[in-house]
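> Just passing along the structure, written as structure tokens.
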Amino acid sequence: MTTVTHAKQKRRFQPMIIHIVLMVGSFLMVVPVLWSLLTSLKAPDEVTRIPITILPGQPHWDNFQKVADLLPFMTFYWNTIVTTLVKVLFGLLFSSLAAYAFARIHFPGRTLLFLLVLSVMMVPGQVFLIPQYLLMKDLGWLNSLKAITVTGMFSAYSTFLLRQFFLGLPSELEESARIDGCNPFRIYWNIMLPLAKPGLISVAIISTLWSWNDFLWPLVVNDSMDKMTLAVGLASLQGQFTTNYPVLMAGMLLAVWPMILIFFLLQKQFIEGITLGGLKG
Amino acid sequence: MNAKQPSSINAKRSKLKRREYGWGYAMVFPLLFGMSALFIWPVLRTIYLSFTEWSDFGNYHWTGLSNYIRLLRDTAVYHSLLHTLQYVIIYVPAIVILSTLAGVLLSSKVRGISVYRTIFFLPSVLMPAAIAMSWKWILNGDYGLLNAGLKLLSIHGVSWLTDSRTVLIAVVGVAVWGAVGLQAVIIISGIKGISPMLYEAASIEGAGRVSQFFRITLPLITPTLFFVSVTSLIGAMQVFDLIYMMVGTVAIDHVNTVVYLFYQQAFIKNDKGYASSIAVLLFIMILIVTALQFKLQKRWVHYD
């Protein structure tokens, strides 16, 4: 009897410890975002007061207006959305085409070409950076959205993931289509792509996240304000207005809210995408 | 293939096969074309450029090994290597331990666990520029939230990002904060792969949660932990965004890592030849360290 009640007590006690630890962890995870939000609503002299105040005396929504006056945020949104959409859509097309061929068509040299694609994943980005920059310069593409976009349209990583996905799909449908005389492209387009939808969505989400947050490449190929993405624009804000923290925090929130929103709407796909995409760290 | 088959069928079949090959090549072509131009050719060109010297107007000429000789003599290189090493040595164990802890807790069956997972994951969707900005404000020496909190415990906090003693650990802390949820998700997927029967058997034998963790969970997720440590190490060796945005001119000398040095040489000082040799150095280092990890994995990773 005693052991049973003991076990029962333990069963009630352990979840409580878990809850406490997870609550502390969750608190640490949200505090910076929450603090940015609270700061963004304060007056400039309010944040340099000691002792610090937690809540804003009166919400200063005008900080958001101020930061939008300082920087062309609408242009940043447009640039970020356009480059992200083009990168993700073309990236998916090129990667899935190649991934299907690598997975299902037995053409000579297939393994070698696939290894070539894989080897690119091993190389740190800095090794590509200078020649990519010089290429953009030679093409006259510096300070254009083309330069920001083009390198993101070809992903070894997405190809690798989608090939894995295609390999896991059943081949019966494909074979009957082939007997009916469908060519490989039509099999890919009409049969395999719809089947690969979950994989495509995961890859699309992870690519969207990387593209939205990408920093070094858009920083390097562009220094004009009207071609900046949110990540780089935000960094430039910091360089110019280091002291006005409420305005800085307002700018930071303007840059991150779309991703946070998409994350809350598509949590499951996000986490699946990240689990797949964890490799890139 | 059947030798008795009429040759016309054979011919037809090989024609079909050749057509299929054609489709295969056509389908991989767009990707391979782009990758060759933007990734494979650049690797070769960086290696070539590392043997060149650049003049002010963007002209360059072959100088043999002189960039590499300069690399060996440059104290800035040794400093950047030291800082990268320090960063990696703190970051990798911290992220592996904390994300394992978070992963184990987040895969327990308590109420509201999916809410916790969502919250832990939140930092992973934020851009490094935003993370840097937010934390810079929290770590501010005079008005920062952290020092205000420490004051309640009667601890006098320093100016974390300008003090040479704390700047590195502060950046590592922020990087860990930003990545722990993401790595935890990967570890959760590793834990999900463990058969529940093992835990049932263990609890019948009276093993507590802690001993279950050390005897079952930990050994069985070593492949996942290996994956997390390899990718975290590669990522940590390339740290740039956070340092570029969080650390000002005051303390940068204490945290300028290899990639920071590379960025400076390539795009601020415009010495693209020397910068290329730094990139090659980084690549070689990553290859060596990763190979080492793969070699050492036999000692602690269990594959069944």
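> I need the full set of residues from segment B:106-134 which are within 7 Å of chain A (Cβ to nearest Cβ) and assigned to a loop (DSSP other than H, G, I, E, B), in order please.
Passing the criteria: B:Ser108, B:Val110, B:Leu126, B:Met127.
> Give the residue that is surrounded by the most Cβ atoms within 10 Å (Cβ to Cβ), with candidates limited to residues of segment B:265-304 that are more than 16 Å from A:Pro124 (Cβ to Cβ) and in contact with an Asp or Glu (Cβ under 9 Å, 6 or more places away or on another chain).
Out of the qualifying residues, it is B:Tyr274.
> What do you reckon, is B:Ser164 assigned by TED's automatic domain parsing to the domain that holds B:Asn256, in contact (Cβ under 8 Å) with a residue 24 or more places away in the chain and of a type in the set (S, T, N, Q)?
The answer is yes for B:Ser164.
A quick yes/no check of all residues on (1) assigned by TED's automatic domain parsing to the domain that holds B:Ser276; (2) more than 18 Å from the chain's Cα centre (by Cα); (3) in a strand (DSSP E or B):
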site	(1), (2), (3)
B:Pro42	no, yes, no
B:Arg45	no, yes, no
B:His79	yes, yes, no
B:Gln86	yes, no, no
B:Ile95	yes, no, no
B:Gly103	yes, yes, no
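> Which one of these does B:Val255 not meet: (1) crowded, with 16+ Cβ neighbours inside 10 Å; (2) within 12 Å of chain A (Cβ to nearest Cβ)?
All conditions are met except number (2).
> Out of curiosity, is A:Gln126 within 19 Å of A:Ser211 (Cα to Cα) and under 21 Å from the mean Cα position of the chain (by Cα)?
Against the criterion (within 19 Å of A:Ser211 (Cα to Cα) and under 21 Å from the mean Cα position of the chain (by Cα)), A:Gln126 qualifies.
> Among the listed residues A:Leu200, A:Leu237, which satisfies the condition of being touching a Gly at 6+ places or on another chain (Cβ under 6 Å) and either closer than 25 Å to A:Ser158 by Cβ or part of a helix (DSSP H, G or I) (or both)?
A:Leu237
> In the list B:Thr224, B:Thr217, which residue meets the criterion of being within 17 Å of B:Leu106 (Cβ to Cβ), part of a helix (DSSP H, G or I) and without any contact (Cβ under 8 Å) to a residue 40 or more places away in the chain?
Unique residue meeting the criteria: B:Thr224.
> Filter segment A:104-124 for residues that are touching a Phe, Trp or Tyr at 6+ places or on another chain (Cβ under 8 Å) and at the interface with chain B (Cβ under 8 Å from one of its Cβ atoms) and give the result. Full working, then the answer.
Going through segment A:104-124, the residues touching a Phe, Trp or Tyr at 6+ places or on another chain (Cβ under 8 Å) turn out to be A:104-105, A:107-108, A:110, A:113-114, A:117-118, A:120-121, A:123-124.
Residues satisfying the conditions are A:Ile105, A:Phe107, A:Pro108, A:Arg110, A:Leu113, A:Val117, A:Val120, A:Val123, A:Pro124.
> Give the residue, chosen from A:Val67, A:Val117, that is of a type outside the set (S, T, N, Q), under 30 Å from B:Tyr25 (Cα atoms) and touching a residue at least 12 places away in the same chain (Cβ under 8 Å).
Only one candidate qualifies: A:Val117.
> I've got another one for you. Within segment A:137-153, which residues are closer than 17 Å to A:Asp214 by Cβ and at the interface with another protein chain (Cβ under 10 Å from one of its Cβ atoms)?
Answer for segment A:137-153, where residues must be closer than 17 Å to A:Asp214 by Cβ and at the interface with another protein chain (Cβ under 10 Å from one of its Cβ atoms): A:Val150, A:Thr151, A:Gly152, A:Met153.
> All but one of (1) without any contact (Cβ under 8 Å) to a residue 60 or more places away in the chain; (2) touching a helix residue (DSSP H, G or I) at 6+ places or on another chain (Cβ under 6 Å) hold for A:Ile206; state the number of the condition that does not hold.
Of the numbered conditions (1) without any contact (Cβ under 8 Å) to a residue 60 or more places away in the chain; (2) touching a helix residue (DSSP H, G or I) at 6+ places or on another chain (Cβ under 6 Å), the odd one out for A:Ile206 is (1).
The values are calculated or read from the model by the stated rules, or taken from the named source; none is laboratory data. Just so you know, these numbers come straight off a predicted model, no measurement behind them. Every residue, glycine as well, gets a Cβ built from its backbone with ideal geometry; the counts of neighbours run over all protein chains shown.
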